[in-house]
Amino acid sequence: MWFSKSQEEVIKEFNVDPSVGLSKEEAAKRLEQYGMNKLKGKPKKSILSLFFSQLNDMLIYVLLGAAAITIAIGEYSDAIIILLVVVLNAVIGVVQEAKAEKAVEALQKMTTPKSLVRRDGEVIEINSEEVVPGDLIILDAGRFIPADIRLIESANLQIEESALTGESVPTNKDASAIHSDPNTSLGDKTNMAFMSTLVTYGRGEGIVVATAMDTEIGKIAKILDDDTNEMTPLQKRLDELGRILGFLAIGICVLIFVIALIQKRDILEMFLTAISLAVAAIPEGLAAIVAIVLALGVTRMSKINAIVKKLPAVETLGSVNIICSDKTGTLTQNKMTVTKHYTYGSLTDVSQSAENLSGTNNEKELIKTLVLCSDATYENGQGTGDPTEIALIVLGNKYNLTKDALNKEHKRVSEFPFDSDRKLMSTLNIEGKGYRVNTKGAIDNLLQICNTVLVEGNIVPLTDDIKQKFLKVTEEMSDSALRVLGAAYKDTEEIIEPGEMEKDLTLVGLVGMIDPPRLEVKDSIREAKNAGIIPIMITGDHKNTAVAIAKELDIAESIDQSITGTEIDQMSDEEFSRRINDYRVFARVSPEHKVKIVRAFKAQGNIVSMTGDGVNDAPSLKYADIGVAMGITGTDVAKGASDMILTDDNFTTIVHAIEEGRNIYNNIKKAVIFLLSCNLGEVIAIFLSILLNWPVPLLATHLLWINLITDSLPAISLGVDPGDHDVMKYKPRNPKESFFARGAGVRAILGGTLIGLLTLTAFYYGLWEHNIPLGTTGIDLSNPNHQNALTYARTMAFVVLAASQLFYSLSMRNTTKSIFQVGLFKNKYLIGAIAVGLILQLAVISIPAFAKAFQVQNLSLQDWGIVFVFALVPLIVNEIIKIFMHMSEKNKHVEY
Ligand code: ATP
């Protein structure tokens, strides 16, 4: 019943000094005692259950049925092979799934919420899981509350508790309240803050009173373990494709079976062939391949500082053609330094190294106002808090107006926090016998609420003439890329409400601070433009400052390409969306404008990525095709609403992520097209042989072996193919474009046809070499010579099928560049997969036990030579086609 106790009682009970917090040792002890602060999730799947879930598949049931039948009729070796293949396939599946799961888990760990706690007198950020009872938590807007907390301080604190109460209107919190009624409802406990709820406004501090399952949310056991197994659009499309191909395959199988019946072939053999053909033709592995490639891809992306939270984002990244980016911190370094300040009639340069400056009285008043109205701190060369404010504190230090000294003399009694809509912040401090409102913020907004101005120590009316002077200085500073912040104050006799603070103020002056652009951004902007992507700057800053930086970074060429929030408001939605493509810089915008901007860009058919960090950015992040949250400066809300988080807050990372996204999509395409051509090859070989009334060139076990074992390895290796930097030379992919567009379908059909025909040719060659006439009737199975010839021919077909697929995979790595241009050995996994595939193939035909089970025989060196010649054909043909394509489409982009 912490809500009915006084702050002192709670502090005593938890044995903690709120100004110091727990010691690190004490925190460690309590962590041991109370355990990690996390809600119990669903138990993890065991390896065994993962294994069995692999078997839970229609196709596998069919195979198991086939195994049962083969056992019943005494064909034990067939049964063993079928079962072996099923088990091996499931093992490969488990390994893949476990790997994918581990990758996703590692990503989740990176995005676990963090909390600000005071320990040993210092404010530090820790993983929320490590929070213990008695910890002192600092709350600010945008943060999720890590545990149940009894508040001991609150300043305009508002918390949205819908996760717990369902009420989405934020509750006002009051640390000083005490609720004596033991039946006070959750929503009315204004002196408490609960786990998983969200600070939407203001600041506060509190002591953790319950963690993990002891919290209110833990008690109602609302497990937050939401399953994020959502399929990506591509996975859905491939699933659909798989189903269609599946039905088609079953149709073909029935057809083959019927034809074979008419031809009076061996029923059992045809039954097994039809089943294995179905296995060969149904591309059941497609969705699984996509899942593993995506999972491995996002792991790679996390290493370049982009954490993808939602898998579909990877695909969408490849289609992005507009990157909307915040300016401060993303395009610039967010390292502010005040270089100029202005009070009426006096513009002063502050050199970076200057110390012990003495200013005029007006200048001192300006700096005092700015420092008192700042929350940031700067100690021992280290700043914490908003970089804009750190720059102001540093400025104060130069003039010997330190934050500590000023705060001691002018204690803060109330405040109206900064928000990006008002673009202002105010504090109420003690001043002599009364109080003073100190306000700082965007100069245009400040001018609207000032009616007097400080001129040489006197307060005089703010005439239009003086206003113009201030605006002119602002414009000059902005034109040289300085961020301008104004300061104003007013004296009051008593404490006033925040709503009363920002009116009738006296303007004191302004400061200009530089925030240099990030060095690497200029290159990334060029790269983005080359890749058909338009970079857009969106900022709360002044138009001229924004345009100056945009010009420096080559985002915009002239001020005509910029527009302010106010100007946007004056346009109708239709007009705005019609003209949106003309703009490159959106200045003085608030979070609501961001939604408007995304909507307008989307209305013009663009695929938009939007960055954000604040509480109010969530709607625009959600509405954008790719919402990108800042990892360092971003609030939990922004991170929660985003599809991707930048751990370094850097624009360059977005461009890198797009490149990765394009590569991952391409890799998925390579793997899928490869698998489809393999499947097609097998279908063609069997189907034609039946139509031609030949003996079947491949036995059921051969098809199963190749399809489920030797194909999987190159497919996965293609999925992790090293990225091709050239993807950034092409236009973004149209998201509606068919998966088989740009020659991909042709490649699958061509590859498949060649593989199928070569397999048949190898078979034909095998029989021809033994002078066996073709046609079922021509073969006499009681004749050992014929029997031998058939085994030999099947072995040739079997090995050619496997090897031609393995070699063909090399050619799949790039649609236009030859295997040498992309580097023959660059994808080590693929080379390994091909080698393993060939060794396995060799093992199957040369180890007597296997050879017997698969009804194949060892091949001579000469035969292997022939096999290689056959098997290289699809690869060589595809490479020749690339040369022609290169010649005829030199200037056309084939992929992207
Ligand atoms: P971006 O959206 O690119 O990050 P920004 O940081 O300039 O740009 P905001 O943080 O919304 O955007 O700031 C908008 C304006 O509000 C600034 O140009 C400045 O004039 C003013 N401002 C920024 N920080 C503060 C602050 N701590 N106190 C008072 N005013 C501020």
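The values are calculated or read from the model by the stated rules, or taken from the named source; none is laboratory data. None of the values given here were measured: they were computed from a predicted structure. Methodologically, a virtual Cβ is constructed for each residue, glycine included, from the backbone with ideal geometry; neighbour enumeration extends over all protein chains shown. Surface areas here come from the heavy atoms of the whole protein model, side chains and all, with no ligands, DNA or RNA. Shrake-Rupley method; radii C 1.70, N 1.55, O 1.52, S 1.80 Å.
Scanning the stretch 139-166 for residues that are of a type in the set (Val, Ile, Thr) and either over 11 Å from residue 199 (Cα atoms) or assigned by TED's automatic domain parsing to the domain that holds residue 415 (or both) gives 149, 152, 165. Of the candidates 832, 775, the single residue that is at pLDDT below 90 and in the same structural domain as residue 727 (by TED's automatic domain parsing) is 775. When 818, 804 are checked against the criterion of being crowded, with 23+ Cβ neighbours inside 10 Å and either over 43 Å from the mean Cα position of the chain (by Cα) or assigned by TED's automatic domain parsing to the domain that holds residue 694 (or both), a single residue qualifies: 804.
Within the stretch 522-534, the set of residues being touching a residue at least 40 places away in the same chain (Cβ under 8 Å) and either within 13 Å of the ligand (Cβ to nearest atom) or open to solvent by 10 Å² or more (accessible area, probe 1.4 Å) (or both) comprises 523, 527, 530, 532, 534. Scanning the stretch 241-262 for residues that are modelled with pLDDT of 80 or more and not hydrophobic (A, V, I, L, M, F, W, C) gives a single hit, 251.
Has the stretch 494-502 got at least one residue that is surrounded by 13 or more Cβ atoms within 10 Å (Cβ to Cβ) and farther than 25 Å from residue 419 by Cβ? No, the conditions are met nowhere in the stretch 494-502. For the stretch 354-382, filtering for residues that are within 14 Å of the ligand (Cβ to nearest atom) and either outside the structural domain of residue 502 (by TED's automatic domain parsing) or surrounded by fewer than 18 Cβ atoms within 10 Å (Cβ to Cβ) (or both) leaves 1. All conditions but one from (1) open to solvent by less than 30 Å² (accessible area, probe 1.4 Å); (2) of a type outside the set (Val, Ile, Thr); (3) part of a loop (DSSP other than H, G, I, E, B); (4) over 28 Å from residue 421 (Cα atoms) apply to residue 218; the one that does not is (3). None of 26, 32 is open to solvent by 60 Å² or more (accessible area, probe 1.4 Å), in the same structural domain as residue 218 (by TED's automatic domain parsing) and under 30 Å from residue 120 (Cβ atoms) except 32. For the stretch 168-191: of the residues being of a type in the set (A, V, I, L, M) and open to solvent by 70 Å² or more (accessible area, probe 1.4 Å), which is nearest to residue 215 (Cα to Cα)? Result: 178.
With respect to residue 661, determine if the residue is assigned to a helix (DSSP H, G or I), modelled with pLDDT of 90 or more, under 30 Å from residue 143 (Cβ atoms) and away from the ligand (no atom under 16 Å from the Cβ). Criteria met by residue 661.
When the stretch 326-348 is limited to residues that are touching a residue at least 60 places away in the same chain (Cβ under 8 Å) and farther than 22 Å from residue 389 by Cα, the one that is surrounded by the fewest Cβ atoms within 10 Å (Cβ to Cβ) turns out to be 345. Which residue, of 129, 105, 101, is more than 26 Å from residue 247 (Cα to Cα), in contact with a Ser or Thr (Cβ under 8 Å, 6 or more places away or on another chain) and in a helix (DSSP H, G or I)? Just one listed residue meets the conditions, 129. Residues that are within 16 Å of the ligand (Cβ to nearest atom) and either surrounded by 17 or more Cβ atoms within 10 Å (Cβ to Cβ) or under 29 Å from the mean Cα position of the chain (by Cα) (or both) within the stretch 553-581 comprise 553, 555, 556, 562, 563, 564, 565, 568, listed in sequence order.
Do we find that residue 750 is open to solvent by 40 Å² or more (accessible area, probe 1.4 Å) and either modelled with pLDDT of 85 or more or among the hydroxyl-bearing types (Ser, Thr, Tyr) (or both) in this structure? So residue 750 passes the test.
Give me the residue from the stretch 107-140 that is among the aliphatic types (A, V, I, L, M), open to solvent by 40 Å² or more (accessible area, probe 1.4 Å) and under 27 Å from the mean Cα position of the chain (by Cα) and, out of that set, modelled with the lowest pLDDT. Only one residue tops the list, namely 110. Against the test of being open to solvent by 30 Å² or more (accessible area, probe 1.4 Å) and within 13 Å of the ligand (Cβ to nearest atom), the options 444, 479, 491 yield a single qualifying residue, 444.
The test for being open to solvent by 10 Å² or more (accessible area, probe 1.4 Å) and within 14 Å of the ligand (Cβ to nearest atom) does not hold for residue 436.
Note on the stretch 468-519: residues that are assigned to a strand (DSSP E or B) and polar (S, T, N, Q) total 2. In the set (1) assigned to a loop (DSSP other than H, G, I, E, B); (2) away from the ligand (no atom under 13 Å from the Cβ); (3) touching a Leu at 6+ places or on another chain (Cβ under 7 Å), the condition left unmet by residue 351 is number (3).
Every residue, every condition in (1) touching a residue at least 40 places away in the same chain (Cβ under 8 Å); (2) more than 34 Å from the chain's Cα centre (by Cα), yes or no:
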{"site": "8", "(1), (2)": "no, yes"}
{"site": "19", "(1), (2)": "yes, yes"}
{"site": "40", "(1), (2)": "yes, no"}
{"site": "50", "(1), (2)": "yes, no"}
{"site": "55", "(1), (2)": "no, no"}
{"site": "59", "(1), (2)": "yes, no"}
{"site": "64", "(1), (2)": "no, yes"}
{"site": "76", "(1), (2)": "no, yes"}
